[in-house]
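No value in this document is a laboratory result; all are computed from the given coordinates. This one's a predicted model, so the numbers in the text were calculated from it and none came from an experiment. Note that each Cβ is placed from the backbone with ideal geometry, even for glycine, and that neighbours are counted across all protein chains shown.
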Amino acid sequence: MTLLWTKTLYKSHKHAAFTDLISFDDKLFCSFRVAYDHMSQDGQIRVCCLDRASNVLFSTQLAMRHYDLRDPKLSIMPDGKLLMNAYARCYDKSGKWTHSRSLCWFSDNGKSWSSPHWFGEHNWWIWRLTWQNSNALGIAYNRHQQALNLYQGNPLRSFHCTDRSILGLASHDLGYPNETDICTDDNGTIYAIARRDADSFTAQFGTSSPPYKKWQWHDLGCYIGGPAMIALDDSKYLICGRIWTKKRFKTALMEFDLATKRLKLLSMLPSGGDTSYPGMVKEAEHLWISYYSSHIDNTSAIYLSKVLLPT
């Protein structure tokens, strides 16, 4: 595996973070949050359309008054439209938090977006949506409950919890599982990578077959923050996220082997400090990775890397 290049995609005086990346209409689309800082209440979503050389063709920005918009994730709906889901924290006029909920928008071109559609339960953060034919799957977390729930349906119509506590403190003695990405195969099997922020802090890799009532979890033995995952082939998955190494945070690309249950480090991306939340697009032997990092001038910026995968 060879890191071909890394380019700065977006940098300003504001905090830019929490990316995702998708191929749509023969272009790359990168979404991320722009705000005063990591935890401020003024989060807006920026979507950039790119060519394969990272040149920005156009960009658009979404904002909602009294809402902090966080962690935009991109997917393609069965009808071919681009869908973006995010999490909104609502604040009253005095600046006091009232509730949080997932929401989404759709677009024909990535430039003009629909009005927001709310879905899911209040205060359950649906991290990312993965489409399986006409059915969307998403795993949500709740800090107070310290558990993961599985949701299914169509976020524009009906989207409900179909299995509770698929991983958690009460059910598995594993504290605070949260950000979880999932992939599915042709048989409908779900493969999940879950971050944890309690006890050993080790990430978990889970599998479940339809109807998703039984789960098997494997401890990866290391911390992974803001994980993203895509299939490399039938038996291996690429995982990207924040790791702790040599007393510092780095965004790293890793490979997980389903047969051996081994996680292998492939590359450290140019990163440090406040970093992670990647998005990945694989096309033939090339992999594009979006992520954010504050390793230059202690300023959070959005980066795009291109990787040559082994053949």
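Of the strands (runs of 3 or more DSSP E) contained entirely in segment 184-262, those carrying at least 2 residues that are buried (at least 20 other Cβ atoms within 10 Å of the Cβ) and within 17 Å of the chain's Cα centre (by Cα) fall at 190-196, 204-208, 225-231, 236-245, 248-257.
Do the conditions hold for ALA17, that is, is it in contact with a Leu (Cβ under 8 Å, 6 or more places away or on another chain), within 30 Å of SER165 (Cβ to Cβ), touching a residue at least 24 places away in the same chain (Cβ under 8 Å) and surrounded by 14 or more Cβ atoms within 10 Å (Cβ to Cβ)?
Working: in contact with a Leu (Cβ under 8 Å, 6 or more places away or on another chain): no; within 30 Å of SER165 (Cβ to Cβ): yes; touching a residue at least 24 places away in the same chain (Cβ under 8 Å): yes; surrounded by 14 or more Cβ atoms within 10 Å (Cβ to Cβ): yes.
Against the criterion (in contact with a Leu (Cβ under 8 Å, 6 or more places away or on another chain), within 30 Å of SER165 (Cβ to Cβ), touching a residue at least 24 places away in the same chain (Cβ under 8 Å) and surrounded by 14 or more Cβ atoms within 10 Å (Cβ to Cβ)), ALA17 does not qualify.
Among the residues making up segment 258-311, those that are β-branched (Val, Ile, Thr) and farther than 20 Å from ALA35 by Cβ are THR260, VAL281, ILE289, VAL307, THR311.
Given the options TYR151, TYR141, name the one that is under 20 Å from the mean Cα position of the chain (by Cα), outside any helix (DSSP H, G or I) and closer than 20 Å to GLY241 by Cβ. Quick ask: steps written out before the conclusion?
Values: TYR151 fails: closer than 20 Å to GLY241 by Cβ.
Residue meeting the stated conditions: TYR141.
Select from segment 116-130 the residues that are in contact (Cβ under 8 Å) with a residue 24 or more places away in the chain and either surrounded by fewer than 19 Cβ atoms within 10 Å (Cβ to Cβ) or in a strand (DSSP E or B) (or both) and list them in ascending order. Result: PRO116, HIS117, PHE119, GLU121, ASN123, TRP125, ILE126, TRP127, ARG128, LEU129, THR130. Summed over segment 89-115, the residues that are touching a strand residue (DSSP E or B) at 6+ places or on another chain (Cβ under 6 Å), in a loop (DSSP other than H, G, I, E, B) and basic (Lys, Arg) give a count of 1. In segment 40-49 there is at least one residue that is of a type in the set (Asp, Glu) and surrounded by 13 or more Cβ atoms within 10 Å (Cβ to Cβ).
Only residues that are over 20 Å from TYR277 (Cα atoms), in contact (Cβ under 8 Å) with a residue 24 or more places away in the chain and of a type in the set (Gly, Ala, Ser) were counted in segment 42-72, giving 0.
Quick check on SER75: is it touching a Phe, Trp or Tyr at 6+ places or on another chain (Cβ under 7 Å), polar (S, T, N, Q), touching a residue at least 24 places away in the same chain (Cβ under 8 Å) and part of a strand (DSSP E or B)? Working first, answer last.
Numbers: touching a Phe, Trp or Tyr at 6+ places or on another chain (Cβ under 7 Å): yes; polar (S, T, N, Q): yes; touching a residue at least 24 places away in the same chain (Cβ under 8 Å): yes; part of a strand (DSSP E or B): yes.
Yes.
Do the conditions hold for LEU266, that is, is it over 16 Å from the mean Cα position of the chain (by Cα), aliphatic (A, V, I, L, M), under 23 Å from ALA136 (Cα atoms) and surrounded by fewer than 21 Cβ atoms within 10 Å (Cβ to Cβ)? No, not satisfied.
Starting from residues that are in contact with a Ser or Thr (Cβ under 8 Å, 6 or more places away or on another chain) and surrounded by fewer than 18 Cβ atoms within 10 Å (Cβ to Cβ), keep the ones in segment 131-144 and report whichever is farthest from PRO72 (Cα to Cα). Looking at residues that are in contact with a Ser or Thr (Cβ under 8 Å, 6 or more places away or on another chain) and surrounded by fewer than 18 Cβ atoms within 10 Å (Cβ to Cβ), I get GLN132.
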